[in-house]
Amino acid sequence: MEFRSANAFRGHRILSATDELSRARTYGSGRVCAVPGCGTLLSAYNPSDVCALHSGAWHDESHQATRKLTQREELTRRCAFEPCSREFTTTNPAKKYCSDACRMRAFQARVTAARHLGDAAVRQERRAS
């Protein structure tokens, strides 16, 4: 009987072509931003010659943040849960219910109605057979 470990190389890893492809590419350590006066050390994984501040990537993120902060108009709606039907104001155009309590009650009512319909269908199938 031959042991599997007898044929293995101890302490050495055999590299395949897929291992070479899965490694992250590095661009050297100790590089500094190319913009005069900027002493930012660049990451070894950053392919650019400049830091994120000078590449303009931060500008795109701040633009998205200001877009999110813009004011949406207030909407006056009526609660979709029929027993409640209160009016409420919201800035969210997808909001249907005045509160979480009404949202949960409406869900429970839908589930109960679906169960009753399912039970009625089962009863009719039993009568038919």
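Checking each residue of region 54-77 against the condition of being over 28 Å from the mean Cα position of the chain (by Cα) and at pLDDT 90 or above gives at least one match. One residue stands out in region 84-124 among those that are more than 28 Å from Gln71 (Cβ to Cβ) and of a type in the set (Val, Ile, Thr): the one that is farthest from the chain's Cα centre (by Cα), namely Val122. The set of residues in region 94-128 that are outside any helix (DSSP H, G or I) and either outside the structural domain of Cys79 (by TED's automatic domain parsing) or surrounded by 10 or more Cβ atoms within 10 Å (Cβ to Cβ) (or both) comprises Lys95, Lys96, Tyr97, Cys98, Ser99. Residues in region 35-52 that are within 23 Å of Ala24 (Cβ to Cβ), surrounded by 13 or more Cβ atoms within 10 Å (Cβ to Cβ) and of a type in the set (A, V, I, L, M, F, W, C): Leu42, Ala44, Val50, Cys51, Ala52.
Set side by side, the residues Phe88, Phe81 differ, and just one is of a type outside the set (D, E, K, R), surrounded by 10 or more Cβ atoms within 10 Å (Cβ to Cβ) and in contact with a helix residue (DSSP H, G or I) (Cβ under 7 Å, 6 or more places away or on another chain), which is Phe81.
The values are calculated or read from the model by the stated rules, or taken from the named source; none is laboratory data. If you're wondering where the values come from, they're calculated on a predicted model, not measured in any experiment. Counting neighbours? That spans all protein chains shown, and the Cβs are built from the backbone with ideal geometry, glycine included.
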